[in-house]
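Asker: Sharing a structure, written as structure tokens. Questions coming.
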Amino acid sequence: MKLIKVLMALMPTIPLVSSLPSNTVARGLPGAVYTCSKSGFAGECKWTPPTNECRTFFNVGDNAPNSVGPDAGGVCSIYTGLACAGVPIRAIYFPGIAQDLPRFGSMKCHAL
């Protein structure tokens, strides 16, 4: 009963979704990317700031990215080889791919 009273007292301070500004947008740095070793953006995760460099991944064992999420306003192209050469196998846009990511060897991200 005491918990219900506490929750009821807090209700006026919890904003409703409809009360949020209509201009709310995703934030980030276009060209930056968040990668995780497991599906669902779990496991070992890393955020990499924007760069013009090719990001190389050796898709072996637990170090292989299984989730990729470019920041809003950016896109990442993934390649089978290790040098971001040739035709990309897929373009990944925000919010990214959390599962069933194809195996790849390299990735290049940039602002749209």
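Asker: Go through segment 53-62 and count every residue that is exposed (fewer than 14 other Cβ atoms within 10 Å of the Cβ) and either modelled with pLDDT of 90 or more or within 18 Å of Pro95 (Cα to Cα) (or both).
Answerer: The total comes to 1.
Asker: Any residue in segment 26-51 that's of a type in the set (D, E, K, R): show its pairings with residues that are part of a loop (DSSP other than H, G, I, E, B) at Cβ separation under 7 Å, as long as the two are six or more apart or on different chains.
Answerer: Pairs that qualify, where the first residue is of a type in the set (D, E, K, R) and the partner is part of a loop (DSSP other than H, G, I, E, B), are Arg27/Ala72; Lys38/Asn66.
Asker: Return a yes/no flag: does segment 11-29 have any residue that is assigned to a loop (DSSP other than H, G, I, E, B), in contact with a strand residue (DSSP E or B) (Cβ under 9 Å, 6 or more places away or on another chain), at pLDDT 90 or above and among the small types (Gly, Ala, Ser).
Answerer: No, there is no match, as no residue in segment 11-29 is assigned to a loop (DSSP other than H, G, I, E, B), in contact with a strand residue (DSSP E or B) (Cβ under 9 Å, 6 or more places away or on another chain), at pLDDT 90 or above and among the small types (Gly, Ala, Ser).
Per-residue answers, yes or no, for (1) loosely packed, with under 14 Cβ neighbours inside 10 Å; (2) among the charged types (D, E, K, R); (3) at pLDDT 95 or above:
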position: Thr35; (1), (2), (3): no, no, no
position: Thr51; (1), (2), (3): yes, no, no
position: Asn66; (1), (2), (3): no, no, no
position: Ala85; (1), (2), (3): yes, no, no
position: Asp100; (1), (2), (3): yes, yes, no
position: Arg103; (1), (2), (3): yes, yes, no
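The values are calculated or read from the model by the stated rules, or taken from the named source; none is laboratory data. All figures in this text were calculated on a predicted structure; none of them were measured in a lab. Methodologically, a virtual Cβ is constructed for each residue, glycine included, from the backbone with ideal geometry; neighbour enumeration extends over all protein chains shown.
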